[in-house]
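So the structure is just underneath, and the comments pick up after that.
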Amino acid sequence: MASANPHKAVEIAAVLAEAMPAVKIVPRPSELGDVAEDGETLADNALIKARFVCAAAGEPSIADDTGLEVDALGGAPGVHSARYAGPEADPVANLSKLMAALGEVPPPQRTARFRTVVAVVLADGSEILADGVVEGTIATAPRGTRGFGYDPVFVPDEAAPLTFAEMSAEAKNQISHRGRALRALAGRL
């Protein structure tokens, strides 16, 4: 896996295990270093990461990039979601910036979606892309203790009034953007 994020590794492994139990997901070894996510789109970033790890490891690689698109913010943070509060920002800073940017925007106007693009690069250089989207809204305050990133404020339409962070991992994976992208990908492998 091209990500060193252990939360993503767990999510990806759980979803792919359903369709492809023989596949083993291993987070990117730290000795490979960081991969610059400087693409203009989520697909660009997913491919950058998957290509890098496949070339370095000589093994097939899977990578994803996810963006939270908030309508009241013109689609921001979007492709910059992981670095919304700056290049060295952590998830808490990103979440704080999002909540400040939304300020007094009323709940009906807090519509948003999570979008994930998953890329697989095989040892022969072939590439496969899949995407997944989940529609929802941004809560007025963080709720829940599970998940990571923007999960405490994202309320998926299909599970309202719960945020992703209030849902079990299994329930979240059934409707999440990443789960949908991974299931679409599994159908293409």
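Across the options 78, 171, 140, the greatest Cα extent toward the positive end of the charge dipole of segment 66-189 (unit charges at beta carbon of Lys, Arg, Asp, Glu) belongs to 171. A simple spin-label model places the labels of residue 34 and residue 92 1.9 nm from each other, with each point 7 Å out along Cα-to-Cβ.
Could you tally the net charge around residue 64, taking each other residue with its Cβ under 14 Å from the Cβ of residue 64, Lys/Arg +1 and Asp/Glu -1? That sum, taken over residues with Cβ under 14 Å, equals +2. Using the Cβ-Cβ distance between residue 128 and residue 168 with R0 set to 22 Å, the FRET efficiency works out to roughly 0.15. In the chain the longest region clear of trypsin sites (Lys or Arg not before Pro) that are loop-assigned by DSSP and have at most 12 other C-beta atoms within 10 Å covers 25-187. The helix-based estimate of mean residue ellipticity at 222 nm for the chain, built from -39,500 (n - 2.57) per DSSP H run of four or more residues and divided by its residue count, is -9500 deg cm²/dmol to the nearest 500. Note on residue 111 and residue 24: their simple-model spin labels are 4.6 nm apart, each label 7 Å out from Cα toward Cβ.
For segment 13-52 versus segment 70-102, the inter-centroid distance based on Cα atoms is 22 Å. Taking the inverse of the mean reciprocal distance over all distinct Cα pairs, the Kirkwood hydrodynamic radius of segment 6-186 comes to 16.7 Å. Remark: segment 6-186 carries a charge dipole of roughly 340 debye about the Cα centre, counting +1 on each Lys and Arg Cβ and -1 on each Asp and Glu Cβ.
A short reminder: the numbers here are calculations on the coordinates, not readings from a lab. Predicted, not measured: the structure shown is a model, and the values here were computed from it. Don't worry about glycine lacking a Cβ; one is built from the backbone with ideal geometry, like all the others, and counts go over all protein chains shown.
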